[in-house]
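Colleague: This is the structure, below, for whatever I ask next.
The values are calculated or read from the model by the stated rules, or taken from the named source; none is laboratory data. All of these numbers come straight from a predicted model, not from anything done at the bench. No Cβ is skipped: glycine too gets one built from the backbone with ideal geometry, and neighbour counts run over all protein chains shown. When the accessible area is computed, the model is the full protein with side chains, heavy atoms only, and any ligands, DNA or RNA have been set aside. Shrake-Rupley method; radii C 1.70, N 1.55, O 1.52, S 1.80 Å.
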Amino acid sequence: MNTIDLKGRTAIVTGGARGIGFAAAQKLQVCGAALALWDIDAAALDKAAASLKQSGTVYAATVDVADENSVGKAVDELIRGAGKIDILINNAGITGGNAPLWQLEPAVWRAVVEVNLIGPYLVCRAVVPHMIAAGYGRIVNIASIAGKEGNPNASHYSASKAG
């Protein structure tokens, strides 16, 4: 496995408790970064953090990326604990199920857009000032081919990922 030198760097991974987020966290850790795992699922987060803490520093926080206060609190806690934020992987996302557009409830459509589109904005808005002050920062926003080509019966997901 090839690596890059991330020793001394602190990386946030939203949706870091499983799937792509957990794999990204593992890779960042192998490269030497301290991790901030953020996820809305507290049980999955605890399990993921416990497994990663065996190999390095892990700051775990239950965060709703669609809630500005939740994001702000997590950023403040990370700055107090780690002192800085160098890397952000905006990975948290939800699909919201599949149905034709006219059958999707507006609340479902809004929830998907809030997490997948507004969430990365809120996290960047909270994190970028710290990166600017430090003179360093890297951000990766995870999207989907569905944002480019669309998926039948997933208008909400496709629209949110296109954004």
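Colleague: Please tell me the relative contact order of the range 20-163 in percent, rounded to the nearest whole number, where contacts are Cα pairs under 8 Å and at least six residues apart.
Modeller: 23
Colleague: A follow-up question, please. Multiply the residue gap between residue 132 and residue 77 by 0.36 nm, knock off their C-alpha separation, and tell me the result in nm, one decimal place.
Modeller: Working: separation 55, 0.36 × 55 = 19.80 nm, distance 1.84 nm.
Computed gain between residue 132 and residue 77 is 18.0 nm.
Colleague: With θ set to phi - 60° and the Karplus curve 6.51 cos²θ - 1.76 cosθ + 1.60, what are the ³J(HN,Hα) couplings of the range 126-140 in order, to the nearest whole Hz, using x for Gly and Pro?
Modeller: Per residue, the Karplus-derived 3J(HN,Hα) values read 7, 8, 4, x, 5, 5, 4, 4, 7, x, 7, x, 9, 10, 10 Hz.
Colleague: Still on this structure: Per-residue accessible area for residue 140 at 1.4 Å probe radius, Å² rounded to 10?
Modeller: Per-residue accessible area (residue 140): approximately 70 Å².
Colleague: Of all the accessible heavy-atom surface of the chain, with the other protein chains kept in place and a 1.4 Å probe, what percent is carbon and sulfur?
Modeller: 55
Colleague: OK, next. If you filter the range 1-52 for trypsin sites (Lys or Arg not before Pro), then keep DSSP loop positions with at most 13 other Cβ within 10 Å, what is left? Let's see the in-between values first.
Modeller: Details: sites: 7, 9, 18, 27, 47; in loops: 7, 9, 18.
Answer by residue number: 7.
Colleague: Using alpha carbon centroids, what distance separates the range 119-163 and the range 1-18, in Å?
Modeller: Result: 17 Å between the Cα centres.
Colleague: Considering Cα pairs under 8 angstrom that are at least six residues apart, work out the relative contact order of the range 85-144 and quote it in whole percent.
Modeller: Relative contact order of the range 85-144: 62 percent.
Colleague: For the range 44-55, in order, what is each residue's ³J(HN,Hα) by Karplus, 6.51 cos²θ - 1.76 cosθ + 1.60 with θ = phi - 60°, in whole Hz (x at glycine and Pro)?
Modeller: 5, 5, 4, 5, 5, 4, 4, 6, 7, 5, 5, 10
Colleague: Leaving out ligands, DNA and RNA but keeping every protein chain, what accessible area does residue 108 have, in Å² rounded to the nearest 10, with a 1.4 Å probe?
Modeller: Using a 1.4 Å probe on the heavy atoms, I get roughly 50 Å².
Colleague: Follow-up. Test of the criteria: in the range 73-163, which chymotrypsin sites (Phe, Trp or Tyr not before Pro) are in a DSSP loop and have at most 13 other Cβ atoms within 10 angstrom of their Cβ?
Modeller: Filter output for the range 73-163: 136.
Colleague: Taking the Cβ-Cβ separation of residue 7 and residue 108 as r and a Förster radius of 45 Å, what is the calculated FRET efficiency to the nearest 0.05?
Modeller: Approximately 0.55, to the nearest 0.05.
Colleague: Classify the range 103-146 as rounded, prolate or oblate, taking a ≥ b ≥ c as the square roots of the eigenvalues of its Cα gyration tensor: rounded when a/c is under 1.5, otherwise prolate if a/b is larger than b/c and oblate if not.
Modeller: oblate
Colleague: Another question, if that's okay. As an exercise, identify the trypsin sites (Lys or Arg not before Pro) in the range 69-163 lying in DSSP coil whose Cβ has no more than 10 other Cβ atoms within 10 Å.
Modeller: Numbers: sites: 73, 80, 84, 110, 125, 138, 148, 161; in loops: 84.
Filter output for the range 69-163: empty list.
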